[in-house]
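Visitor: The following block contains the structure, expressed as structure tokens.
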Amino acid sequence: MYSLLLILWLTISNCGFSSTEFNSLNGRHLHVIWTKWSGNPKGLWGPLKGGVALDFLSARLNFTYEMIQVTENNFVPQGNEKGLFRYLWDQECDLLVHDVPSLFYRSRIDMTIPWIFTNYALLIPVAGDTANINAAIKPFQWPVWWGLGISIVCVMAVLTSLLLFFPHHLPASLDSNRQVETTRNNLGSLPVIKELLGKQYLYVIGVILSQGGLCMSKRLSIRLVAGVWCLAAFIFVQAYSSILFTYVVTPVNLPLVNSVHDIVERNDIRLFLNKGMALDVFTSEPNGTGIFFKLGNKLKSFPNSGRCVLSECASQITPGSRNVFAHAVNYLKDVIKEDFEKSGKCNLQIAKEGFMPIRVSFALQHNSPYTKSINKGKLG
């Protein structure tokens, strides 16, 4: 019994980070790069929550750190830029807190387990809002509207005929409910007939507009025609109101693109990519296939398209432009948020369909002794 308890205690004590053998970061001091650090120039792209993740790992794994000031965005050296990986290669940095694509650079750096799973999306300008005036007509096709107009004319004609041929069933005065016996030659009833003829026009129009009205006679034939018209108008109005809502909420101006395939198929779209990221690498491959090969040809054939840093690419997406910026969706959401806070208007949106799922990790020096500890810290 005691031997079993001793084995269990040894097993538990060797788990976790109680021993420096399993926590190589215990008591260490690291040099860290996080591009969004306040000491770096503004405009560098990087994970907004990188500082939160770094503080969590520092508290969990019991290490301290200091930031290294950088001025570049690219991972690898380009032109006069040193490149963020150069700090790892030259052993000036121990940990790069960034969104590093897991598929690249494994031969020269160590990668942690992924800390973000996301996909690429398309940033496009918001289409302008305009009044959908045609919504009042679109619920029905033109034959239906012609039929409605003819029906109104026919109902008016029938009611007029009934009023003219049966005037002896009309009240002598519109202000009195008393029925009087008159003949068609009785001139005293003519003012009443004329006024009722005008009223029945308003009655027919009022019913179709859901305004209602009083029937102009108690004669069965007239009330039968009025009842049929009320039933037909009710069915028409209900059908019209049900379909109208769909047309009112339907946008007049459709989004610039819905998917990455729209970019390839249309010649008026300008594409921008973030330089050095996974999509840039895929579209730059000379032996690429599928959609990446087509996007690469699009970038080569369209002179106004190109590869740039995040801030430059995002500035190209302006209202009314035909520009599209492809990047990880979490960064595009940050761009939309910053633009809204700056302008007070929602000028940008994300296209409906995303593409190319990706996962990103932190980077360390090649064969770093801290890789396993950081992986355990992220899993915990």
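The values are calculated or read from the model by the stated rules, or taken from the named source; none is laboratory data. Note that the coordinates shown come from a computational prediction; the quantities given were computed from them, not determined experimentally. Here Cβ is always computed from backbone atoms with ideal geometry, including for glycine, and neighbour counts include all displayed protein chains. Each accessible area value is taken on the protein alone, full model and side chains, heavy atoms only, with ligands, DNA and RNA left out. Shrake-Rupley method; radii C 1.70, N 1.55, O 1.52, S 1.80 Å.
Visitor: Would you grab the residues whose amide H sits under 5 Å from the one on Ser24? Only those 5+ places off in sequence or on another chain, please, with H modelled 1.01 Å from N.
Guide: Ser373
Visitor: Expected output is a single nm value to one decimal: the length gained when fully extending between Asp90 and Ser315, i.e. 0.36 nm times separation in residues minus the C-alpha distance. What is it?
Guide: Taking Asp90 through Ser315 to full extension adds about 77.6 nm, to one decimal.
Visitor: Oh, and also: Anything over 32 Å Cα to Cα? Flag those among Lys49/Lys300; Lys82/Lys300; Lys300/Lys378; Lys49/Lys275; Lys294/Lys342; Lys49/Lys294, in the order listed.
Guide: Among Lys49/Lys300; Lys82/Lys300; Lys300/Lys378; Lys49/Lys275; Lys294/Lys342; Lys49/Lys294, the Cα-Cα distance tops 32 Å for Lys49/Lys300; Lys300/Lys378; Lys294/Lys342; Lys49/Lys294.
Visitor: Place the peptides 28-35, 265-272 in order of packing, highest mean first, counting for every residue the other Cβ atoms within 10 Å and averaging per peptide.
Guide: Averaged packing, sorted descending, gives the order 28-35, 265-272.
Visitor: Where only protein heavy atoms count, and the probe is 1.4 Å, what is the accessible area per residue for segment 265-320 in Å²?
Guide: I get 52 Å² per residue for segment 265-320.
Visitor: Computing the accessible area with a 1.4 Å probe over protein heavy atoms, can you report the carbon and sulfur percentage for segment 239-380?
Guide: 54 percent
Visitor: Would you list, by chain and number, the lysines whose Cα falls below 25 Å from the Cα of Lys218, excluding same-chain residues fewer than 8 positions away?
Guide: Lys194, Lys199
Visitor: Indicate the gyration tensor shape class of segment 278-380 (rounded, prolate or oblate), computed on the Cα atoms with a ≥ b ≥ c the square roots of the eigenvalues: a/c under 1.5 is rounded; otherwise a/b larger than b/c is prolate and the rest oblate.
Guide: oblate
Visitor: Convert each backbone phi in segment 368-378 into a coupling constant with the Karplus relation 6.51 cos²θ - 1.76 cosθ + 1.60 (shift: θ = phi - 60°), then list the ³J(HN,Hα) values in order as whole Hz, x for Gly and Pro.
Guide: Per-residue couplings from phi come out as 5, x, 9, 4, 5, 5, 5, 4, 5, x, 6 Hz.
Visitor: Under a 5 Å amide H to amide H cut-off, with H placed in plane at 1.01 Å, what residues pair with Leu122 once short-range neighbours are removed?
Guide: For Leu122, whose amide H was placed from the backbone, the distant partners under 5 Å are Ala351.
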